[in-house]
1. What number, rounded to the nearest 500 deg cm²/dmol, is the helix-based mean residue ellipticity at 222 nm of the chain, given -39500 (n - 2.57) per DSSP H run of at least four residues and division by all its residues?
2. Just flag the trypsin sites (Lys or Arg not before Pro) in segment 105-150 sitting in loop per DSSP whose Cβ has no more than 16 other Cβ atoms within 10 Å.
3. If the chain between residue 278 and residue 153 were fully stretched, how many nm would it gain, using 0.36 nm times the residue separation less the Cα-Cα distance?
4. Can you give the FRET efficiency for residue 270 and residue 118, using 1/(1 + (r/R0)^6), R0 = 51 Å, r = Cβ-Cβ distance, to the nearest 0.05?
5. May I ask you to list, by number, the DSSP H helices of the chain whose Cα span along the axis is at least 24 Å and whose average Kyte-Doolittle hydropathy reaches -1.0 or more?
6. In segment 221-284, which GluC sites (Glu not before Pro) fall in coil by DSSP and have 16 or fewer other Cβ atoms within 10 Å?
7. For segment 1-85, what % of the accessible area comes from carbon and sulfur atoms, probe 1.4 Å?
8. In whole angstrom, how far apart do the alpha carbon centroids of segment 222-263 and segment 95-160 sit?
Amino acid sequence: MSANVWSTEPTELLRVGDGFRLADVDPASTPGYTGGKKQGERDLAAAEGRFDELQERLFAQSRANPRSPSLLLVLQAMDSAGKGGIVRHVIGATDPQGVHLKAFKKPTEEELAHDFLWRIEKEVPAAGYIGVFDRSHYEDVLIGKVRELASPDEIERRYDAINAFETHLDISGVHVVKVMLHISPDEQKSRLMERLDRPDKHWKYNPGDVDERKLWPDYMAAYQTVFERTSSEVAPWHVVPADRKWYARLAVQQLVIDALERIDPQWPAASFDVAAERARLAAT
């Protein structure tokens with residue numbers, strides 16, 4: 001981490017704790033970071049090597065020990081907040097073979113026939129992998145609540161089920177990093193308008209996003225409840241201001257690097273006699 005520009009560790013600064021209020025977070029702010037956009041872009045590039053090394057160590061460790069840890073990054077946000085940019089510019093800096101990306105869409109009929117966590121459990125990253133959920137099980141207590149797709153009693157049950165599920169992940173060695181990219185309605189409007197202004201962005205535009213914008217206060221209230229009910233010691237939420245894309249990417253990168261450093265994966269010891277193999281190879 002660039003100590004000269006980060007005044008406070010993002011892992012602690014952006015963490016949802018007791019008394020947190022989403023309404024108090026300025027989506028255009030850059031908490032804890034004293035540099036500007038250019039410095040942020042340089043710091044993002046400078047940390048890519050560290051991230052790549054940690055990811056490779058995580059993957060390599062699991063080749064020798066199938067019970068090794070994994071990491072799961074959960075990304076939640078209103079549309080156009082930058083989840084795709086996080087995947088490309090942060091996670092994309094490492095070997096894709098060690099990454100398991102899943103973008104959860106509207107549930108299929110088969111998925112709806114099971115409990116809401118059924119499709120989620122199948123995508124949990126295996127040992128040594130970094131998993132990324134572009135949307136997740138939290139859709140079922142966000143859209144599910146705002147759009148009244150489930151009864152209030154069922155929504156309540158789901159909060160408890162999520163906490164139990166994430167506790168099980170932690171016990172199983174899956175380290176969970178949960179991030180909400182917090183964008184303002186004005187910035188979202190600007191980004192959606194850009195998609196309409198540019199033919200090469202039309203494919204990214206969804207007319208339904210305008211309908212969801214009309215429910216903005218309801219979604220913010222639903223997120224507040226999610227934070228209060230599911231930000232736990234083993235799987236805390238982090239709220240990242242997302243109006244400035246460069247800051248959001250830098251902050252998420254640091255959250256992921258910090259989680260990997262806590263895991264502290266080690267290069268596995270050779271399962272063969274290195275000196276003997278060096279001699280054999282030299283003789284060929």
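The values are calculated or read from the model by the stated rules, or taken from the named source; none is laboratory data. Worth saying up front: this structure is predicted, and the values here are computed from it rather than measured. A quick note on method: Cβ atoms are made from the backbone with ideal geometry, for glycine too, and the neighbour counts reach across all protein chains shown. Accessible surface areas use protein heavy atoms only, side chains included; no ligands, DNA or RNA. Shrake-Rupley method; radii C 1.70, N 1.55, O 1.52, S 1.80 Å.
1. Details: 12 runs with 137 residues, N = 284.
Theoretical 222 nm ellipticity from helices: -15000 deg cm²/dmol.
2. Values: sites: 105, 119, 122, 135, 145, 147; in loops: 105, 122, 135, 147.
Those satisfying the criteria are 105, 122, 147.
3. Numbers: separation 125, 0.36 × 125 = 45.00 nm, distance 6.52 nm.
Computed gain between residue 278 and residue 153 is 38.5 nm.
4. Values: r = 41 Å, r/R0 = 0.80.
The pair residue 270/residue 118 has a calculated efficiency of 0.80.
5. Working: long enough: 37-64 (41 Å, -1.18); 152-171 (29 Å, -0.83); 245-263 (27 Å, 0.27).
Result, helices passing both filters: 152-171, 245-263.
6. Values: sites: 228, 233, 261, 277; in loops: 233.
Here the GluC sites (Glu not before Pro) that fit, given the DSSP loop and packing criteria, are 233.
7. Values: 1880 of 4090 Å².
Carbon and sulfur together cover 46 percent of it.
8. For segment 222-263 versus segment 95-160, the Cα centre distance is 18 Å.
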